[in-house]
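K.L.:
What follows is a single structure, and I will ask about it in a moment.
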């Protein structure tokens with residue numbers, strides 16, 4: 001939306017000219033004249049939390065706004081967040097379940113492919129290729145999900161061991177074959193492929209890992225006569241392109257759809273009866289305590305794109321961990337059973353939603369400066385046994401865009417005490433008037449990066 005369009009919506013909402021508004025997270029700030037109800041769709045979705053600069057969670061603000069104005073609020077999701085499920089358990093929320101699918105009453109058939117036995121060919125197992133061919137023969141659509149755009153995670157020289165690491169970050173640069181560039185997805189730094197071809201006299205550069213571009217290229221070589229479309233933020237970057245993709249997908253003008261989360265959010269493709277999840281393993285070994293929750297939500301949400309209308313769909317999940325407890329629990333008993341067991345683990349380890357946390361981050365061009373000041377904060381405030389302060393430690397990605405990141409975690413079983421302590425720390429930092437560091441204090445952080 002243009003700035004003028006945003007202004008018109010703002011004024012029309014304020015003057016009561018609009019009956020229904022469908023908006024993104026920032027729409028919670030609109031000045032409704034006579035607001036009567038709030039609905040949050042996909043309440044578990046990470047995009048509802050603004051992570052940069054002014055940090056807020058649109059779902060939580062909506063709940064507060066509904067409470068203050070005595071309004072009903074509906075939080076909808078096929079995979080509710082653990083926080084919302086916990087609030088249902090303690091009777092803070094009322095829990096309503098939809099027990100039937102809108103179109104097809106039959107859930108899709110799940111096929112688990114063990115990549116230790118069915119060795120993938122550039123990301124594609126023989127079982128997945130066979131199922132895709134069957135789809136093409138039946139003139140039905142296939143949707144393939146992979147959680148990374150670009151061609152590969154990074155590049156490696158087989159001769160000298162060079163690897164495409166970002167000069168500004170503690171991370172590797174992804175290779176994008178479309179514009180022949182290496183791209184750091186953390187700081188945005190780019191480098192042309194021609195600049196890295198001379199790492200040694202006998203350089204032999206190979207790609208490591210798989211992105212949407214690499215899967216697309218492989219599929220075009222296997223199924224040359226099929227119509228294949230890639231959907232990610234690199235090639236669907238305007239509303240016109242998005243509308244064109246949706247039209248082609250719904251009319252059957254595309255045989256195989258490949259994409260990231262952009263592809264699976266809220267779309268209904270009537271002719272998609274096969275969904276393939278290329279690689280689920282990275283989510284099974286996340287350092288974030290919410291990693292398994294998000295992986296389970298992703299598996300359910302992606303699977304839900306298959307067989308949404310008349311025909312039963314199929315879902316192929318490729319993994320090297322076919323006996324992982326998450327996969328087995330989710331596939332055998334569903335998301336509810338999985339979440340119940342996972343919440344018990346959270347309770348035993350005293351992690352949210354059974355406790356509350358805040359994350360204090362410092363960034364500076366001099367890492368020692370961050371570390372020293374955070375240690376001072378801990379020494380000064382770590383006096384209350386009901387509020388624990390952990391750290392300081394380097395952030396999981398310590399160096400980003402030539403700045404060094406360190407953090408403290410503040411944790412308590414009492415939300416009021418956590419907020420009081422966080423406020424005191426905030427005032428302490430402001431009074432120091434630091435000019436050579438950047439800092440942020442995030443209450444209820446959704447990730448630890």
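Coordinate-derived values only; no laboratory data. Just so it is clear, the structure is predicted and the values come from calculations on it, not from any experiment. Neighbour counts run over all protein chains shown; Cβ positions are idealised from the backbone, glycine included.
K.L.:
For a test of the definition: using alpha carbon positions, the gyration tensor, and the 1.5 limit on a/c, classify the stretch 36-93 as rounded, prolate or oblate.
P.N.:
Oblate, because a/c is 1.5 or more while a/b does not exceed b/c.
K.L.:
For the chain, set up a GNM with springs between Cα atoms under 10 Å and report which of 375, 407, 297 has the largest fluctuation.
P.N.:
375
K.L.:
Please compute the alpha carbon radius of gyration of the stretch 189-312, then divide it by the globular-protein estimate 2.2 N^0.38 Å. Two decimals is fine.
P.N.:
Details: Rg = 17.7 Å, N = 124, 2.2 N^0.38 = 13.7 Å.
That works out to 1.28 for the stretch 189-312.
K.L.:
Hey, could you get me the Stokes-Einstein D for the chain, Kirkwood radius over alpha-carbon pairs, 20 °C and 1.002 mPa s, rounded to whole µm² s⁻¹? All intermediate terms of the calculation are to be shown ahead of the outcome.
P.N.:
Details: Rh = 24.7 Å.
Translational diffusion coefficient: 87 µm²/s.
K.L.:
Now for a separate question. Of 372, 383, 154, how do they rank once you tally other Cβ atoms within 10 Å and put the fewest first? Can you show the working numbers first?
P.N.:
Numbers: 372 13, 383 9, 154 18.
Sorted ascending by nearby Cβ count, the order is 383, 372, 154.
K.L.:
Using a 10 Å cut-off on Cβ atoms, rank the peptides 230-236, 343-349 from the highest mean neighbour count down. The partial results should precede the final answer.
P.N.:
Values: 230-236: 19.3, 343-349: 13.0.
The peptides rank, most packed first, as 230-236, 343-349.
K.L.:
Shape verdict for the stretch 356-443, please, from the Cα gyration tensor: rounded (a/c under 1.5), prolate (a/b greater than b/c) or oblate.
P.N.:
Values: a/c = 2.05, a/b = 1.64, b/c = 1.25.
Cα axes put the stretch 356-443 in the prolate bin.
K.L.:
Please report the antiparallel percentage of DSSP beta bridges with both residues in the chain, rounded to the nearest 5. Before the final figure, lay out the partial values.
P.N.:
Values: 39 of 66 bridges.
Bridges in the chain are about 60 percent antiparallel.
K.L.:
Find how many whole Å separate the alpha carbon centroid of the stretch 35-112 from the alpha carbon centroid of the stretch 145-205.
P.N.:
39 Å
K.L.:
Treating the Cα atoms of the stretch 154-208 as identical point scatterers in vacuum, please give the log10 of the normalised Debye intensity I(q)/I(0) at q = 0.17, 0.31 Å⁻¹, two decimals.
P.N.:
Relative scattering, expressed as log10 I(q)/I(0), comes to -0.47, -1.31.
K.L.:
Only counting other Cβ atoms within 10 Å, I'd like 439, 183 sorted with the fewest neighbours first.
P.N.:
Numbers: 439 17, 183 20.
Going from sparsest to densest Cβ surroundings: 439, 183.
K.L.:
Please give the FRET efficiency for residue 41 paired with residue 193, using the beta carbon to beta carbon distance and R0 = 30 Å, rounded to the nearest 0.05.
P.N.:
Details: r = 41 Å, r/R0 = 1.36.
For R0 = 30 Å, the calculated efficiency reads 0.15.
K.L.:
Please report 11, 112 as a ranked list, fewest other C-beta atoms within 10 angstrom at the top and most at the bottom. Spell out each step's value before the answer.
P.N.:
On the way: 11 12, 112 16.
Listing 11, 112 from fewest to most nearby Cβ atoms yields 11, 112.
K.L.:
Using Cα springs under 10 Å in a Gaussian network model of the chain, which residue among 435, 164, 152 shows the largest mean-square fluctuation?
P.N.:
435
K.L.:
Can you classify the stretch 80-167 as rounded, prolate or oblate using the Cα gyration tensor, where a ≥ b ≥ c are the square roots of its eigenvalues, rounded means a/c under 1.5, and otherwise it's prolate if a/b beats b/c and oblate if not? Please report the intermediate quantities before stating the final value.
P.N.:
Details: a/c = 3.08, a/b = 1.43, b/c = 2.15.
Cα axes put the stretch 80-167 in the oblate bin.
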